[in-house]
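Undergrad: Have a look at the structure that comes next, please.
None of the figures in this text is laboratory data; all of them are computed from the coordinates on show. Keep in mind that what you see is a predicted model, and the values were worked out from it rather than measured. Note that each Cβ is placed from the backbone with ideal geometry, even for glycine, and that neighbours are counted across all protein chains shown.
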Amino acid sequence: MPETIVVSKGHGLPYSKGLMAQSLSATGLSLERSFELARMVERRLADEGFAEVGVDSLGSICEDVLRAEEDEAAVRRFRGWWRLERLDRPLVVMVGGTTGVGKSTIATMLAARLGITRVIATDVVRQVLRAFFTHEAMPSVHHSAFEVGGIEGYTEQAGYVATATEAIVERAVSEAKAVVLEGVHVLPGALGPELRSRCVMVEAVLVVRDDELHRGHFSHRAGTRPGERYLAAFEEIRVLQDHLAERARVEGVAVIDNANVDEALTRLMQLVLDAVERST
């Protein structure tokens with residue numbers, strides 16, 4: 001099959017089924033189906049004799065294939081992802097939630113779909129603070145969020161971490177690089193309006209509303225994070241979840257019930273695409 005060169009900003013690279021499949025998977029399609037559609041796009045480029053194709057024209061061809069093989073909803077989701085590649089401000093996704101609700105899993109899966117290479121956990125930030133400040137100087141960062149002394153202690157700890165989190169977002173914005181931040185210290189509505197104006201901000205709080213399902217998440221923890229420790233503090237973890245969900249409600253931030261990973265990821269992905277559409 002003849003090779004087609006995809007041209008963007010004066011530079012060209014051969015059409016890649018793998019890259020196109022990644023783009024198509026951002027619409028919620030499985031990787032297998034996305035790769036199948038990417039092959040259809042490749043065949044169409046060959047059949048129509050494209051030696052070169054511009055990025056915008058390639059996007060239109062993909063939309064035609066999606067429209068014929070899927071539906072208009074898939075076309076709209078793809079169009080939103082296509083806009084994401086052309087944002088004049090970097091995308092910043094912040095995923096909050098208490099312990100054991102699946103933040104790391106969802107954040108990593110989202111980043112993979114969007115092609116984002118920076119995924120930062122606020123627990124890592126807290127670990128750095130612990131290394132630099134003694135227990136006497138900053139006692140709250142030396143405890144887990146659910147062990148630090150109720151909501152008041154958590155708020156103090158989150159405040160310390162928030163300073164570093166804001167610096168991370170500032171760096172991402174100044175470098176025009178997309179980033180996903182996840183963690184219990186991601187407070188809904190915490191970032192100021194000036195920094196928000198310089199990026200495309202997407203915020204969500206993950207919860208697991210079903211007590212037993214949430215409790216079951218801890219039975220799979222192993223190694224240095226044994227489940228017994230979390231189960232012993234389960235009521236404190238649930239109180240913190242209620243607090244974060246209420247703060248999200250007050251700040252107008254989406255609360256996503258992670259009863260099903262695929263459905264939660266789809267909901268978060270839609271929040272991203274909606275934000276991109278509003279910003280373009």
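Undergrad: Dividing the alpha-carbon radius of gyration of region 5-143 by 2.2 N^0.38 Å (N being the number of residues), what value is obtained? Can you show the working numbers first?
TA: Details: Rg = 20.5 Å, N = 139, 2.2 N^0.38 = 14.3 Å.
For region 5-143, the normalised Cα radius of gyration is 1.43.
Undergrad: Please compute, for the alpha-carbon atoms of region 74-170, the extent along each of the three principal axes and give them in descending order in Å.
TA: On the principal axes, region 74-170 reaches 55, 27, 19 Å in Cα extent.
Undergrad: OK, next. Going by Cα centres, region 110-129 and region 199-275 are how many Å apart?
TA: 16
Undergrad: Taking amide hydrogens as modeled 1.01 Å from N in the peptide plane, which residues meet the under 5 Å criterion relative to residue 207, leaving out close sequence neighbours?
TA: Amide H neighbours of residue 207, under 5 Å, 5+ apart: 256, 257, 258.
Undergrad: Please list the non-local residues whose amide H lies under 5 Å from the amide H of residue 200, H modeled 1.01 Å from N, same-chain partners needing a gap of 5 or more.
TA: Hits under the 5 Å cutoff: 91, 92.
Undergrad: Given the DSSP H assignment, sum -39500 (n - 2.57) over each helix run of at least 4 residues in the chain and divide by its residue total; what's the result at 222 nm in deg cm²/dmol, nearest 500? Mind dumping the intermediate values first?
TA: Working: 12 runs with 157 residues, N = 280.
Taken over the chain, the calculation gives -18000 deg cm²/dmol.
Undergrad: Next question. Over all pairs of distinct alpha carbons, what does the Kirkwood formula give as the hydrodynamic radius of region 149-210, in Å? Write down the numbers at each step before the final one.
TA: On the way: mean 1/r = 0.0776 Å⁻¹.
Taking every pair of different Cα atoms in region 149-210, averaging 1/r and inverting gives 12.9 Å.
Undergrad: Provide the descending list of Cα extents for region 5-84 along its principal axes, expressed in whole angstroms.
TA: Extents along the principal axes: 31, 26, 19 Å.
Undergrad: Something else: Give me the net charge of residue 257's neighbourhood, meaning all other residues with Cβ under 12 Å from the Cβ of residue 257; Lys, Arg count +1, Asp, Glu -1. List each step's numbers first, then the result.
TA: Working: positive: 209, 267; negative: 210, 263.
Net charge in that neighbourhood comes out at 0.
Undergrad: Something else about it: Based on the Cα gyration tensor of the chain, what are the three equivalent ellipsoid semi-axes, each the root of five times an eigenvalue, rounded to whole Å and given largest first?
TA: Values: eigenvalues 318, 83, 50 Å².
Ellipsoid half-lengths, sorted descending, are 40, 20, 16 Å.
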